[in-house]
Amino acid sequence: MTTTYLAHLPASGLRDKTVKMTTKSIADFEAWREGRDLSASLLTDWRDHLGRKHLSPRTKNTELARVKAALNWMRKREQHGLDASTIGDVLTAFPVDREAPRVLSRDEIASLATACKGSETGRTVMALLVTGMRHEELMTLTPANLIEQGIEVRAANSKNRQGRVIPWFLIGNARPLFQPLPFVYDKHHWDKIRERSGVDVPLKAMRSTAATYLAFWGKMPLIAVAKVMGHTMDVLERNYLGAALFDLKGDSMPEIMGITL
């Protein structure tokens, strides 16, 4: 029944990866539905089924949003009998606990840097730490992104579709990390690095750490920090000003964090 919606996706303006992931979510929903008619009761059962799965609340809500978007697209074309209020009332989001982003101490950073040495995945982790780039942004870098001013994150590869440049002076003596490209990442190797370092954090902690250190550095206006990180001021202030840091010295991210490369 969702065939027409899936056929519409490639021309919707969504990224190829988003189209692929959305298609998988819809396919999972259809496999669970097994051809049963769409109804409020069926959607309630599906939300309950999704709630029992061992997924994070955010992932569950992404699945909900994808199916909800498909149902609303179909509703506007009279492809089923459900109205907008029914779809919205039944497919309510799961509660999400908002925890403060993890920010590494300088001792933790030193332990992590030691554990990363000699590993391609370790090189990737350190590059994430000194730039604060999103994982997918880093993994899509090519030599063409290394321009005279710094590391260019192009809009097409950015989560918010806004390009930016991370200046070389912030990278400092970590610049050799960016040769060769592309970067390599292996989750098993990352698990080993965490085990060796004793720093058991998610990979996204590299980004929250970089943003927080840069925000409390004091040598860049917060609006410039937000721009370098690819955030709005609202997101920066809401998420990265909680773990106050003091006595940050140096002229580049490695120096600020006390990293020896």
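The values are calculated or read from the model by the stated rules, or taken from the named source; none is laboratory data. Note that the structure is predicted; figures quoted are calculated from it, not measured. A quick note on method: Cβ atoms are made from the backbone with ideal geometry, for glycine too, and the neighbour counts reach across all protein chains shown. These accessible areas exclude ligands, DNA and RNA; they are computed on the full protein's heavy atoms, side chains included. Shrake-Rupley method; radii C 1.70, N 1.55, O 1.52, S 1.80 Å.
Only residues that are of a type in the set (Phe, Trp, Tyr) and either over 14 Å from Gly218 (Cβ atoms) or touching a helix residue (DSSP H, G or I) at 6+ places or on another chain (Cβ under 7 Å) (or both): list them for region 234-256, please. Reasoning before the result, please.
Within region 234-256, the first condition is being of a type in the set (Phe, Trp, Tyr), and the residues that meet it are 240, 246.
If the condition is that a residue be of a type in the set (Phe, Trp, Tyr) and either over 14 Å from Gly218 (Cβ atoms) or touching a helix residue (DSSP H, G or I) at 6+ places or on another chain (Cβ under 7 Å) (or both), then Tyr240 is the only one that fits.
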| request: Considering only residues that are without any contact (Cβ under 8 Å) to a residue 12 or more places away in the chain and at negative phi, look in region 2-14 and name the one that is least open to solvent (accessible area, probe 1.4 Å). | output: Ser12
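Which of the helices (runs of 4 or more DSSP H) contained wholly in region 139-223 include at least 3 residues that are polar (S, T, N, Q) and open to solvent by less than 10 Å² (accessible area, probe 1.4 Å)?
Numbers: elements: 168-171, 187-197, 205-217.
Where helices (runs of 4 or more DSSP H) fall fully within region 139-223 and carry at least 3 residues being polar (S, T, N, Q) and open to solvent by less than 10 Å² (accessible area, probe 1.4 Å), they are 205-217.
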| request: Report, by residue number, each residue of region 230-261 that is modelled with pLDDT of 95 or more, part of a helix (DSSP H, G or I) and open to solvent by less than 30 Å² (accessible area, probe 1.4 Å). | output: Met253, Pro254, Ile256, Met257
| remark: Pairing a residue in region 82-111 that is closer than 14 Å to Leu64 by Cβ with any residue that is open to solvent by 90 Å² or more (accessible area, probe 1.4 Å) and basic (Lys, Arg), where Cβ atoms lie under 8 Å and the two sit 6 or more apart in sequence or on different chains, gives Val96/Arg58
| query | So, of the residues in region 30-49 that are touching a residue at least 40 places away in the same chain (Cβ under 8 Å) and assigned to a helix (DSSP H, G or I), which turns out to be least open to solvent (accessible area, probe 1.4 Å)? | reply | Leu43
| remark: Ala115 vs (1) over 30 Å from Met253 (Cβ atoms); (2) open to solvent by less than 30 Å² (accessible area, probe 1.4 Å): all pass except (1)
| field | Qualifying residue in region 191-206 (condition: over 19 Å from the mean Cα position of the chain (by Cα), at pLDDT 95 or above and over 20 Å from Met257 (Cβ atoms)) | value | yes
| query | Yes or no: Ile26 in contact with a Gly (Cβ under 8 Å, 6 or more places away or on another chain) and at pLDDT 90 or above? | reply | no
| query | Hey, Lys227 hits all of (1) free of Cβ contacts under 8 Å to residues at least 40 places away in the same chain; (2) part of a helix (DSSP H, G or I); (3) open to solvent by 30 Å² or more (accessible area, probe 1.4 Å) but one; which does it fall short on? | reply | (1)
